[in-house]
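In what follows, a structure is listed as structure tokens, so that the remarks can point back to it.
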Amino acid sequence: MVIEIKELIFRRRKGFCLRIDKNGDLIVIAPLYATDTDIKSVIQKKANWIIKTREIILQNNQKCRPLNFEPGESIPFLGEYYTISYHNDRNIFVDYERKIFFLPFSDQTTLKRKLMKFYYQKAYELLKEELDKWSNIMGVRYRTLRIKNARRLWGSCGKNASINLNWRLILLPKEIIEHIVIHELSHLVYRNHSKQFKYFASQFSINYAEKEKWLRENSYFLQMFRD
Ligand SMILES: [Zn+2]
């Protein structure tokens with residue numbers, strides 16, 4: 001199989017660096033004196049990784065479609081998909097049993113605003129609860145929780161023991177939310193991603209590696225509700 005290179009960059013460096021951009025195209029950064037044969041052999045060796053990574057990126061792009069708020073359309077909430085329906089009320093109502101989001105009749109802009117406000121509120125309630133629960137279990141103290149609208153991050157841990165969490169976490173399954181909460185709380189003990197950090201975090205977040213993999217493969221949730 002031939003794998004096409006979209007961009008080949010030569011740099012003064014020792015090894016190769018392969019990257020797949022957001023369109024799924026391959027970018028190769030090669031050492032200055034790399035020959036055609038070197039480049040071909042690196043790509044051959046990394047073929048599996050290239051194909052898999054490209055597939056994940058393209059799938060993510062496809063899943064991240066803009067919402068039209070039409071009846072029957074599905075929207076994510078706590079790791080499940082809910083169907084959109086309408087009702088004669090100004091507020092959003094969620095039927096958890098039947099997995100239906102009842103929205104008020106309104107224009108798209110208003111609906112989006114209302115829905116995001118709803119998500120935000122739910123995110124704050126749940127994340128606060130999870131943070132309090134896990135900080136007790138883990139024996140670490142955080143000072144403040146801020147709900148963020150970050151572009152790339154699910155969470156971060158600032159100075160003075162403040163924890164920032166992305167409101168889009170409310171779209172993900174509960175065990176992934178817990179995983180992120182544990183991850184950020186672990187930063188209060190280890191301010192890096194060292195082995196010790198991972199060991200500490202994985203004592204509380206079971207199947208740590210599996211959850212990290214899930215996050216990589218489902219990064220499109222970070223792009224939702226942006227348009
Ligand atoms: Zn981290």
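Things worth noting here:
- Summed residue charge, Cβ within 12 Å of residue 131's Cβ, Lys/Arg positive, Asp/Glu negative: -1
- Separation of the residue 67 and residue 146 label points, Cα + 7 Å toward Cβ, nm: 2.5 nm
- Three-way shape call for the range 7-63 based on the alpha-carbon gyration tensor, with the a/c threshold at 1.5: prolate
- Per-residue SASA entry for residue 38, accessible area with 1.4 Å probe, Å² rounded to 10: 60 Å²
- Cα centroid separation, the range 130-173 to the range 54-112: 25 Å.
- Cβ-based net charge around residue 110, under 11 Å, with every Lys or Arg adding one and every Asp or Glu removing one: +4
- Net +/- balance of residues flanking residue 26 in space, Cβ distance below 15 Å, scoring K and R +1, D and E -1: +3
- Residue-normalised accessible area of the range 23-117, given per residue in Å² at a 1.4 Å probe: 63 Å²
- Computed on the chain, with alpha-carbon pairs under 8 angstrom and 6+ residues apart, the relative contact order is 15 percent.
- Qualifying trypsin sites (Lys or Arg not before Pro) in the range 52-140, DSSP loop, other Cβ atoms within 10 Å at most 14: 90, 98, 99
- Against the criterion of solvent-accessible heavy-atom surface with a 1.4 angstrom probe, 214, 167 sort, most first, into 214, 167.
- Amide H contacts under 5 Å for residue 77: 82, restricted to partners 5 or more places along the chain or on a different chain, H placed in the peptide plane at 1.01 Å from N.
- Per atom type, the range 7-63 shows carbon and sulfur on 52% of its accessible surface, probed at 1.4 Å.
- Across the range 87-104, rounded Karplus estimates of 3J(HN,Hα) from the backbone phi angles (6.51 cos²θ - 1.76 cosθ + 1.60, θ = phi - 60°) give 8, 7, 8, 7, 9, 7, 10, 10, 9, 5, 5, 8, 6, 10, 9, 8, 10, x Hz, Gly and Pro being marked x.
- Of all accessible heavy-atom area on the range 74-223, the percent that carbon and sulfur account for (1.4 Å): 49 percent
- Database remark: amide H of residue 100 closer than 5 angstrom to the amide H of 83, 95 (H placed geometrically; neighbours at sequence offset of 5 or more, or on other chains; Pro and chain starts carry no H).
- Where 111, 8 fall by accessible area, highest first, once all protein chains stay in place (1.4 Å): 8, 111
- Inter-label distance for residue 129 and residue 196, nm, one decimal - labels placed 7 Å from Cα along Cα-to-Cβ: 3.5 nm
- Calculated mean residue ellipticity, 222 nm, the chain: -13000 deg cm²/dmol, from DSSP H runs (n ≥ 4) at -39500 (n - 2.57) each, averaged per residue and rounded to 500.
- The GluC sites (Glu not before Pro) found in the range 78-127 that occupy coil by DSSP, while having at most 14 further C-beta atoms within 10 Å, are 97.
- For the chain: rounded, prolate or oblate by the Cα gyration tensor [a/c cutoff 1.5]: oblate
The values are calculated or read from the model by the stated rules, or taken from the named source; none is laboratory data. The shown structure was predicted, so the numbers you read here are calculated from the model rather than taken from an experiment. Please note: Cβ atoms are built from the backbone with ideal geometry, for glycine as well, and neighbour counts cover all protein chains shown. Heads up: the accessible areas ignore ligands, DNA and RNA and are worked out on the full protein's heavy atoms, side chains in. Shrake-Rupley method; radii C 1.70, N 1.55, O 1.52, S 1.80 Å.
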